[in-house]
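In what follows, a structure is listed as C-alpha cells, so that the remarks can point back to it.
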There are 2 protein chains.
Amino acid sequence: MKIRLIALISALAFCISASAQQTIGGRAQIISPEINPDGTVTFRYRNPKAVTVQLSGDFLPDSRPVDLVEQDGIWTYTTAQIVPPEFYCYNYIVDGTRTLDPNNAQVDRDIATLSNVLIVPGGIADNYMVNDVPHGTVSKVWYESGIGKNRRMTVYTPAGYESNSRTRYPVLYVLHGIGGDEEAWMDHGCAARILDNAIASGRAKPMIVVFPNGNMSEEAAPFQNSTGYDRPTAGLPMTMEGTFESYFPEIVKFVDSRYRTLARKDSRAICGLSMGGFHSCYISLNYPDMFNYIGLFSAAIGVAGDREGKSPIYQDIDKKLELLFSKKPALYWIGIGKDDFLYRSNAAFKAKLEEAGYPYEYMETDGGHIWKNWRIYLDTFIQKLFR
Amino acid sequence: MKIRLIALISALAFCISASAQQTIGGRAQIISPEINPDGTVTFRYRNPKAVTVQLSGDFLPDSRPVDLVEQDGIWTYTTAQIVPPEFYCYNYIVDGTRTLDPNNAQVDRDIATLSNVLIVPGGIADNYMVNDVPHGTVSKVWYESGIGKNRRMTVYTPAGYESNSRTRYPVLYVLHGIGGDEEAWMDHGCAARILDNAIASGRAKPMIVVFPNGNMSEEAAPFQNSTGYDRPTAGLPMTMEGTFESYFPEIVKFVDSRYRTLARKDSRAICGLSMGGFHSCYISLNYPDMFNYIGLFSAAIGVAGDREGKSPIYQDIDKKLELLFSKKPALYWIGIGKDDFLYRSNAAFKAKLEEAGYPYEYMETDGGHIWKNWRIYLDTFIQKLFR
C-alpha cells in the first residue's frame, strides 16, 4: 500500500500505452506542427533512415509538395510565408509513400483517407475552434428506416435545448457529399463549432441541425454499421438514384417526433455540399411544402437530364421548379467556387432560374470543390435562416 | 445540364479528396488487413523504396514485431496461426519508424498515439461489433462545472430512452485511465457496442451510462477544448490529487437534472479502469451514500498512504471503508489481470477487505494492464447491476 505516487504514475503512463512512448517516453518530444510567432509554421518528422521526406498540404502554394531537410535524423520544413488563419489538412510523403505526422494525433477522415489537421487560429478559423461559449450537444442517433434497416444520423441540439423542456426549435438538415457520411460535416466541416460560435454571437438563431447519412446502401459511417467493417469507397451504390430523396420524409418525421421541433415548413431548412447539394435540390423539388430555406453548396446539379426515365424523383423538373417557387420559399441559396469543376453546371442552373424569374441568392468564392468553401457556405447560410 | 452521370461521379470522387486516390483511383486497391478463410490474417503495405517493414500488433506472439516480405513493391505478412476473435491494434514500422496502415482508415486514439484497428469477428469480439440490435444514443454533452469551466462528458442513453417520456433509468458512471478522456471508453473500450449488445440480449438492464473527463486541467478531450489545440500528455496535472473526486457530486447532480434517472443510491453504479479505478475507489469512499455498485478495473489503488496530509479525499481511509461497507453496497467488484503491474497492490487491497470482513467479488484474468481486460470487466460488471 506504499507505492510512491510518482513512480506509479510513470509506470501507468508507460503501461497504458507502450505505443505512446514517443510523446511520454524519455527522448525529447518533437513538436509538429508548430505555429511560430512570425506566423510561419514549422513541420518536423523524425526518421533517420528516410531518403526523401516531403510535405503535402492545402496551405502550400499551388498545393505542391515541398521537401523537408534532414539534420540528425529530424526532418524540418518551415513555410516560406505566413500561413493565414484556416483549417488545413496535410500529410508527409516519405520516400514516395504517403504517411501521417506521428506527432500530431489530430486527424480527420475523408472517405477512406486520414489527414493531419492544422488549425491556424484567428480570423475565419476562430469560427472553427472550440471557443469559450455555450456548446450544443452532438449525438449519434439511430432511427428505424422504411428501407429495412436501422440507420444513423448525427444531431446537433443547441445550447439550452436540454435545460428547458418547452422551447421548440427550427430544424436545418445538412447533407454530405459523395463518399461522405453522417460524420463528414463534424470532421472537415467543423459544423458543431461553426454552429456553437454563430449561435453564441447571435449571428444565427438557435436551431436543431440534422446530418443524415445519404448512402442508402450503408446504415452508418464505416466501422459503425452491422454489415461489417466494409472498406468505404467513394462510389457507393444507392447514392444518386432517387432512393435517399424519396425516403427523406421519414427522416423529417422521425426528427419531428423525437425532438422539440417547430414542425412546419417555415421553420425547416435543407442544404448540402456537392452530392448533398444535388440531394437538397431534388428533395426540395419533390417535397415543395417541406422546406422554406434551400441551400446548394457546390451542388452536383445538372445531371437530371440523363436520369429522366429512371427515378421519378428526377422527372418533370421544370414543372417541379415552377411549383416550388410558386410556394415562395424564403431563401433559395447557391454557393460555388470560381474554380469548381461544377461552376458551369451551376451557372447553367442559375440561368434557368433567372430565365423563369425565380428569386435566389448567390455567393461566389475563390477556389474549387473544397471544404474551405463549404465551411464558409454553411456559416453564411445559417445566418440567413429562420429570421 | 447534360453532363453524363458516370463522368460526373468520377470527377466528384476525384475532386472531393485527391488524397483518397489510393482507394478510388485507377491503380489496384490493396486490401489490408484481410481475414483469410482459414482464420489467419494477411497484412499488406505498398512501399517500393522501404528497406525493412515490420508489423507490430497485440495479436502477435509476445507482441514482438514481425517482418513483412516484399514483392513488386508490396510488403506482405500472413500470421502463422489463426488470430482468435478479439479487438486488436497494430501499426507498421517502416525502416525503424512507426507508421499507420494507409489501407485501413479505422484507427483509434490512445492518449496521443493512433493505431490501426483489426476486429476479428466471432466469440467475444461479437460484443464489440455493431450488430443488428437496437442502438443507444451516444452524445457529447457539456455541463457547467463549479471548477469554473464548461466541461464535456460522453453520455450513452439506451435504446428506447428517447422514444418514451416516462421511464426512468439507473445510471452507471464509467471512468477512464491516466492520459485518457471522455472518449477513451468509446474507442478502445467499445463501450457503446458492449452496452447495445448486452442490453439487447437481456444480459444487462437498460441503463444510462456516463463517461466523464477525469482530467480537471482540461475541459474536454484534446482538440475539443477551448484552451487551444494542446498536445495531450499522459501526466496531466490535476488528475490524482483529489479535485476530480471532490467535484464528482456536481456530475451526478447534472446527470440527475438532465436525464430521466432513478436518482438514488440503489440505482447508481461507478467503475473505472486504472486511474479511473482509483477515482471510483475514492469517490465511493468519500460519498458512501451515492453508489450501490462499485467496480475497480485494474485499479491504481494502494497510493493513498503517500497522499495523507494532502487532499482530505485520501485521508482516514480505514474509517471511510468501514462507513462505506456499513451501508452494505450491493456489489464491490475487483477485476485484475495476472500480469498486471498493479496485481500486488490490488492483492494487498483485497487482503485489507478480507481482514475487515468486507464482502467483494473478484475476477482474475490473463494478461496485464490492457484494454482487452477492461472490455471484459465492463461487460461482466454491467451484467451484475440493478438486479
Inset, instruction - Please report the relative contact order for chain A, taking Cα pairs under 8 Å with a sequence separation of at least 6, and give it as a percent rounded to a whole number. - result: 11
Legend entry - Estimated inter-spin distance, B:Asp132 and A:Arg264, nm [label 7 Å along Cα→Cβ]: 4.2
Legend entry - Copy-to-copy label separations for B:Ala348, where each label sits 7 Å from Cα toward Cβ, in nm and ascending: 7.8
Legend entry - Cβ-vector label at 7 Å, B:Pro121, separations to other copies in nm: 4.5
Inset, instruction - With everything on Cα atoms, drop me the angle between helix B:371-382 and the longest principal axis of chain B, reported from 0 to 90° to the nearest 10. - result: 50
Inset, instruction - Equivalent ellipsoid semi-axes for chain A, as square roots of 5 times the alpha carbon gyration tensor eigenvalues: give them largest first, rounded to whole Å. - result: 40, 25, 21
Inset, instruction - Under 12 Å Cα to Cα from A:Lys253, which aspartates and glutamates show up? Leave out anything in the same chain fewer than 8 places away. - result: A:Glu144
Inset, instruction - Would you work out what percent of the accessible area of the protein assembly as shown, with all protein chains in place, is carbon or sulfur (probe 1.4 Å)? - result: 51
Inset, instruction - Tell me the label-point distance for the pair A:Asp62, B:Lys384, using the 7 Å Cα-to-Cβ offset, in nm and rounded to one decimal. - result: 6.6
Legend entry - Nearest-20 debye value, segment A:291-387 charge dipole, Cβ charges on Lys, Arg, Asp, Glu: 300
Legend entry - Sum of -39500 (n - 2.57) over DSSP H runs of 4+, divided by residues of chain B (222 nm, nearest 500): -7000 deg cm²/dmol
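Per residue, how much accessible area does the protein assembly as shown have with a 1.4 Å probe, in Å²?
Spelled out: the 1.4 Å probe surface of the protein assembly as shown, per residue, equals 38 Å².
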Legend entry - Candidate lysines for bridging to A:Lys49, where Cα separation is under 16 Å - those fewer than 8 sequence places away on the same chain excluded: B:Lys49
Inset, instruction - Determine, for each peptide in B:74-86, A:136-148, the mean count of other beta carbons within 10 angstrom over its residues, then list the peptides with the highest first. - result: A:136-148, B:74-86
Legend entry - Within 10 Å of each Cβ in A:47-53, the average number of Cβ atoms from other chains: 4
Inset, instruction - Measure off 7 Å from each Cα along the Cα-to-Cβ vector at B:Lys338 and B:Gln315, then give the distance between these two points in nanometres to one decimal. - result: 4.3
Legend entry - Per-residue SASA entry for A:Thr167, accessible area with 1.4 Å probe, Å² rounded to 10: 70
Legend entry - Gyration tensor verdict on segment A:317-387 (Cα atoms; rounded if a/c is under 1.5, prolate if a/b is larger than b/c, oblate otherwise): oblate
Legend entry - Other copies of A:Gln81: label-to-label distances in nm, shortest first, labels 7 Å along the beta-carbon direction: 5.9
Inset, instruction - Mind checking A:91-104 for the average number of partner chain beta-carbons within 10 Å of each residue's beta-carbon? - result: 5
Inset, instruction - State, in square angstrom and to the nearest 100, the accessible area buried between chains A and B, both chains counted, probe radius 1.4 Å. - result: 7700
Inset, instruction - Please calculate the 1.4 Å probe accessible area of A:His135, with all protein chains present, and give it to the nearest 10 Å². - result: 20
Legend entry - aspartates and glutamates with Cα under 19 Å of A:Lys327, excluding same-chain neighbours fewer than 8 positions away: A:Asp266, A:Asp289, A:Asp316, A:Asp318, A:Glu354, A:Glu355, A:Glu361
Legend entry - Average beta-carbon neighbours from other chains, 10 Å sphere, peptide B:125-134: 3
Legend entry - DSSP beta bridge pairing in the protein assembly as shown, given as percent antiparallel to the nearest 5: 65
Legend entry - Pairwise FRET efficiency - B:Glu361 versus B:Arg166, Cβ, R0 = 35 Å, nearest 0.05: 0.60
Inset, instruction - Sort B:110-116, A:339-345, B:171-177 for me by packing, meaning the mean count of neighbouring Cβ atoms within 10 Å per residue, highest on top. - result: B:171-177, B:110-116, A:339-345
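The values are calculated or read from the model by the stated rules, or taken from the named source; none is laboratory data. Keep in mind it's a predicted model, so treat the numbers as computed, not measured. Positions of Cβ are backbone-derived with ideal geometry, glycine not excepted, and every protein chain shown enters the neighbour counts. Protein only, heavy atoms only, side chains kept; ligands, DNA and RNA dropped before computing areas. Shrake-Rupley method; radii C 1.70, N 1.55, O 1.52, S 1.80 Å.
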